[in-house]
Amino acid sequence: MNERRPAISETPQRRLGKDLLSLAPIPAPDVLRLLQVARDLKAAPRQSPSSYLLTGMTLGLLFEKPSTRTRVSFEAGMNQLGGQSLFLDFEKIQLSRGESLSDTAQVLSRYLDGLVIRTFEQATLEEWARHTSIPVINGLTDLGHPCQALADLMTIWEKMDCLKGLKLAYIGDGNNVANSLLEASVKVGMHIAIGCPRGFEPDPHIVAQAQMEARQTGGSAVITHDPLDAANGADVVYTDVWTSMGQEQDQARRLTALAGYQVNDQLMNEAKPSAIVLHCLPAHRGEEITASVLDGPQSVVLDQAENRLHVQKAILAEWIGHSSS
Ligand code: CP
Ligand code: NVA
């Protein structure tokens, strides 16, 4: 079996730990290496040796929230690497009838080679990781979205030809996507400015960690309540929805509080003329971003969505491919 699974990289197995729960513990050179693997996989023809990397392996996807990109790109990526995936509808497994997380996790570990989980609390994800013997990958929690942030870095690198020294302006709600972008961007020496209303700042612990890490990488992480200030001179402008999954009851308050934090033509005038626009999608045109910007010439959101596939193949190769070979 091993000769049919050529190692994509020569790193020791599980060098990055059993699970991918957040980007915080991943050293910067490993982030860059993952991005390079993703770019190599993107350039590789479907029938390359990597097509056999995960032959015979099965990835479970356990989602407590809706998903288009994460689910489909992981399933397609697993297929392209020779493995299979199994979507586990939370409502259709015994967990929804009271079976314990611990029993479920231990049983699934006997069948599967890895598990992507989309859930609410980061603590729940951590509990899955503790009770499984297989790698657990964060497919989004209320705290973070690391796979998205890696695809975002890959997209920026592709489009701008570099990462270090670039300014990324994130405008809007300091949510899970903002948290992971903070972790990711400072690692590679970028300058991130988050423009958000008071009370909508990213997680304070992640901000503090990012500011500490930025001191070592030459990057910076700034939180401001002035969106135009955040966007000023930016190479990359990023936004995400104002109401994340699970916050629907708070929607009216959010729409009011975030109304001045829209990515529109006026805000884009503050960024460099060469700036690109990112959005993790799904988007709400007319709320966090206007159609003129999302569908305009600076937007690279479809390439960004495509890169979820490539970056997650690199993640699967690293965490699943190396976990039992
Ligand atoms: N960006 C993202 O994670 O999209 P989905 O919710 O469709 O997976
Ligand atoms: N912040 C959004 C991201 C969706 C991909 C949410 O959590 O709903």
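The values are calculated or read from the model by the stated rules, or taken from the named source; none is laboratory data. Only a predicted model underlies this, so the values are computations on that prediction, with no experimental measurement involved. In this analysis, Cβ positions are derived from the backbone assuming ideal geometry, glycine residues included, and neighbour counts consider all displayed protein chains. Accessible surface areas use protein heavy atoms only, side chains included; no ligands, DNA or RNA. Shrake-Rupley method; radii C 1.70, N 1.55, O 1.52, S 1.80 Å.
Only one of the numbered conditions (1) more than 16 Å from ligand 2 (Cβ to nearest atom); (2) surrounded by 13 or more Cβ atoms within 10 Å (Cβ to Cβ) is not met by I117, and that is (1). Is there a residue in the stretch 317-325 that is at pLDDT below 95 and open to solvent by 30 Å² or more (accessible area, probe 1.4 Å)? Yes, that holds for at least one residue. The one condition from (1) over 16 Å from A317 (Cα atoms); (2) at pLDDT 95 or above that E91 does not meet is (2). Just one residue in the set Q94, Q47 is away from ligand 2 (no atom under 16 Å from the Cβ), in contact with a helix residue (DSSP H, G or I) (Cβ under 9 Å, 6 or more places away or on another chain) and either among the aromatic types (F, W, Y) or open to solvent by 70 Å² or more (accessible area, probe 1.4 Å) (or both); that residue is Q94.
Among the residues of the stretch 182-197, some residue qualifies, meaning at least one is in contact with a Gly (Cβ under 6 Å, 6 or more places away or on another chain), at pLDDT 95 or above, open to solvent by less than 10 Å² (accessible area, probe 1.4 Å) and more than 16 Å from G219 (Cα to Cα). Out of A230, A210, A178, A234, one residue alone is within 16 Å of ligand 1 (Cβ to nearest atom) and either open to solvent by 10 Å² or more (accessible area, probe 1.4 Å) or not β-branched (V, I, T) (or both). It is A178. Picking from residues in the stretch 135-148 that are of a type in the set (A, V, I, L, M, F, W, C) and touching a Leu at 6+ places or on another chain (Cβ under 6 Å), the one that is farthest from ligand 1 (Cβ to nearest atom) is V136. Selection of first residues in the stretch 115-142 that are at positive phi and of second residues that are within 16 Å of ligand 2 (Cβ to nearest atom) and in a strand (DSSP E or B), restricted to Cβ pairs under 6 Å at least 6 apart or on distinct chains, gives the following pairs, ordered by first then second residue: L140/R118. Annotation: of all residues in the stretch 150-175 being in a loop (DSSP other than H, G, I, E, B) and over 24 Å from D30 (Cα atoms), the one that is farthest from ligand 1 (Cβ to nearest atom) is G174. In summary, A149 fulfils each of the numbered conditions (1) surrounded by 17 or more Cβ atoms within 10 Å (Cβ to Cβ); (2) farther than 20 Å from I320 by Cα with the single exception of condition (2). Once the stretch 237-257 is narrowed to residues that are free of Cβ contacts under 8 Å to residues at least 12 places away in the same chain and more than 15 Å from ligand 1 (Cβ to nearest atom), the residue that is least open to solvent (accessible area, probe 1.4 Å) is D250. For the stretch 135-145, state whether one or more residues are more than 16 Å from ligand 2 (Cβ to nearest atom), open to solvent by less than 60 Å² (accessible area, probe 1.4 Å), farther than 23 Å from N179 by Cα and not β-branched (V, I, T). Within the stretch 135-145 (the criterion being more than 16 Å from ligand 2 (Cβ to nearest atom), open to solvent by less than 60 Å² (accessible area, probe 1.4 Å), farther than 23 Å from N179 by Cα and not β-branched (V, I, T)), the answer is no, since none of the residues qualifies. Any residue in the stretch 217-225 that is open to solvent by less than 10 Å² (accessible area, probe 1.4 Å), of a type in the set (V, I, T) and touching a residue at least 12 places away in the same chain (Cβ under 8 Å)? No - not one qualifying residue is present in the stretch 217-225.
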